[in-house]
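Comments concern the structure below.
The values are calculated or read from the model by the stated rules, or taken from the named source; none is laboratory data. Quantities reported herein were computed from a predicted structural model and do not represent experimental measurements. Cβ placement follows ideal geometry from the backbone for every residue including glycine, while neighbour counts extend to all protein chains displayed.
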Number of protein chains: 2
Amino acid sequence: MPSSDTPHTLDAFHRGRFHLLQPALKGHRSGVDAMVLASVVPNDFSGRVADLGAGAGAAGFAVLSRCTKASAVLIERSDLMADFARKSLALPENKSIAERAEVVVADVTLTGKARGAAGLADNSFDYVIMNPPFNLPTDRATPDPVKAEAHVMTDGMMEQWIRTAAAIVKPGGSLAIIARPTSMAELLEALQRRFGGLVIVPVQPRPQDAAIRIIIRGIRGSRAGLTLAPALIMHGETGNGFTERATAINNGLSGLF
Amino acid sequence: MPSSDTPHTLDAFHRGRFHLLQPALKGHRSGVDAMVLASVVPNDFSGRVADLGAGAGAAGFAVLSRCTKASAVLIERSDLMADFARKSLALPENKSIAERAEVVVADVTLTGKARGAAGLADNSFDYVIMNPPFNLPTDRATPDPVKAEAHVMTDGMMEQWIRTAAAIVKPGGSLAIIARPTSMAELLEALQRRFGGLVIVPVQPRPQDAAIRIIIRGIRGSRAGLTLAPALIMHGETGNGFTERATAINNGLSGLF
């Protein structure tokens, strides 16, 4: 079990309604992005969710914590991170979500039969959520290979991830992505002819700031047009406090829509 | 002169700093969209602007009214609308902008030598602004052919308009577009490899409403990433009054940025 040997932290989310073991130094550490992504799934959602590139499981856990009728499969390529997710599910404080969760070690970019064999069957999910690596290869490299793998976006990656999402979600099912605004063109191109009825929500640190993230939600096979929704604003014009809406989302008290 | 025979109105813009003759019933009637588009050009801009699909000239006139060192060429396919623009330039109240304006009757979708011959020389502008037709062919058709031509977006139109913009603007020059959010994917695809450093500004009727327009500004040949700026919000949560920022933009008292 790699995580026994790996320095880690135990973090409370949703005001203690679930806990997450995360490597202290290696890999991707989850926080607000994962909570915002999870908030796209509606409160009363009762289907099967795939969390692509789940890492230690923050987003998938957050969906299960708020959406008490949903089940989820956490799909993660790194053995180290998947092991953290499994260990978190074994914590007694996560019992109510653990019975609805499963961890699968698989590479999201797999295709065809290899993807199915890895546990990602076609048309088998009602909702797919993803927080793909989003640092450009030209950004400052991290010396930690697990963290680098979790953070660095490679050429054509959005296309590969969205192709997998389109394959595994049922027609009429949904996809939610959190990404940097600078990936918007690549994302919209990959979504074309696969997902429609797109809703983009800018995520701004403050009312006067440009967005640092975008949420895109789409429906498999829909031909409806794109909507650009009002921004989710995390903080006020000054100060460190979260806005009322951001607080509710961070703590799993309300969905984004 | 077709406009002599065409019922028309004389409308004041920028608190009377310029006036516009517009057909009362035929063609596209300009208003807030044109003022928002024009506001993208910086106050101190002193170069040559092309207004593609200028209609009666509202956006181009608004740039010249606020940017007193700029000059503009209004490019319009419809003889009727171009004639309105010329007649407006001949009004004594438009004298200060008329000496910096020119009207060219040409189809924005022309290519190669035909485009140059029509008066749209390559690399000859510092700024291009455009408010392309944006109703989908499936929207309710208008019985007026001049209005239909001004309003209905045809297949591949964004690509054709942006191709022309990329040809006629100098490297390092700028492009500003106002469009519907639903055209975002098509616009971003056409802008790729031509314009970079994109800034998208959502235009929302109210703080709680989805955007009804987007402004996209880009720089020819730039490789900078995309920015999603805070929305321009036209009205308050209730009521008909314009916000302070929208009032300033409507009246040519400040630029968008």
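Just one of (1) more than 17 Å from residue B:161 (Cα to Cα); (2) in a loop (DSSP other than H, G, I, E, B) fails for residue B:85. It is (2). Taking the conditions exactly as written (under 20 Å from residue A:248 (Cα atoms), part of a strand (DSSP E or B) and not charged (D, E, K, R)), does residue A:20 satisfy them or not? For residue A:20, the condition - under 20 Å from residue A:248 (Cα atoms), part of a strand (DSSP E or B) and not charged (D, E, K, R) - is met. Counting the residues of the stretch A:187-213 that are among the hydrophobic types (A, V, I, L, M, F, W, C) and either over 19 Å from the mean Cα position of the chain (by Cα) or modelled with pLDDT under 95 (or both) gives 1.
Listed here are the residues, each with its yes/no results for (1) free of Cβ contacts under 8 Å to residues at least 60 places away in the same chain; (2) touching a Phe, Trp or Tyr at 6+ places or on another chain (Cβ under 6 Å).
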residue	(1), (2)
A:29	yes, no
A:39	no, no
A:46	yes, no
A:49	no, yes
A:59	no, no
A:66	no, no
A:87	no, no
A:103	yes, no
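Taking the stated definitions as given, is residue B:136 surrounded by fewer than 16 Cβ atoms within 10 Å (Cβ to Cβ), of a type outside the set (Asp, Glu) and modelled with pLDDT under 95? Judged against the criteria, residue B:136 is a match.
Residue B:46 meets the stated requirement of being modelled with pLDDT of 95 or more, surrounded by fewer than 17 Cβ atoms within 10 Å (Cβ to Cβ) and within 29 Å of residue B:172 (Cβ to Cβ). Apart from one condition, residue A:123 fits all of (1) out of contact with any strand residue (DSSP E or B) (no Cβ under 6 Å at 6 or more places or on another chain); (2) surrounded by fewer than 16 Cβ atoms within 10 Å (Cβ to Cβ); (3) over 24 Å from residue A:24 (Cβ atoms); the exception is (1). Could you grab me the full set of residues in the stretch A:202-257 that are more than 14 Å from chain B (Cβ to nearest Cβ), assigned to a loop (DSSP other than H, G, I, E, B) and either out of contact with any strand residue (DSSP E or B) (no Cβ under 7 Å at 6 or more places or on another chain) or acidic (Asp, Glu) (or both)? Answer for the stretch A:202-257, where residues must be more than 14 Å from chain B (Cβ to nearest Cβ), assigned to a loop (DSSP other than H, G, I, E, B) and either out of contact with any strand residue (DSSP E or B) (no Cβ under 7 Å at 6 or more places or on another chain) or acidic (Asp, Glu) (or both): A:238, A:239, A:240, A:251, A:252, A:253, A:254, A:255. Across the stretch B:179-199, the qualifying residues are those that are under 13 Å from residue B:160 (Cα atoms) and charged (D, E, K, R), and the one among them that is farthest from the other protein chains (Cβ to nearest Cβ) is B:194. Can you confirm whether residue B:183 is in a loop (DSSP other than H, G, I, E, B), over 24 Å from residue B:65 (Cα atoms) and of a type in the set (S, T, N, Q)? When the stated conditions are applied, residue B:183 does not pass them.
Okay, residues lined up against (1) touching a Cys at 6+ places or on another chain (Cβ under 9 Å); (2) under 21 Å from residue B:19 (Cα atoms); (3) surrounded by fewer than 19 Cβ atoms within 10 Å (Cβ to Cβ):
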{"position": "B:63", "(1), (2), (3)": "no, yes, no"}
{"position": "B:85", "(1), (2), (3)": "no, yes, no"}
{"position": "B:91", "(1), (2), (3)": "no, yes, yes"}
{"position": "B:118", "(1), (2), (3)": "no, no, yes"}
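State all residues of the stretch B:1-17 that are among the aliphatic types (A, V, I, L, M) and either at pLDDT 95 or above or in a strand (DSSP E or B) (or both); if no residue qualifies, say none. Give the steps one after another, and end with the answer.
From the stretch B:1-17, those among the aliphatic types (A, V, I, L, M) are B:1, B:10, B:12; that's our starting set.
Correct list: B:10, B:12.
Just one of B:228, B:232, B:256 is buried (at least 18 other Cβ atoms within 10 Å of the Cβ) and over 22 Å from residue A:257 (Cα atoms); which is it?
After ruling out the rest, the residue left standing is B:256.
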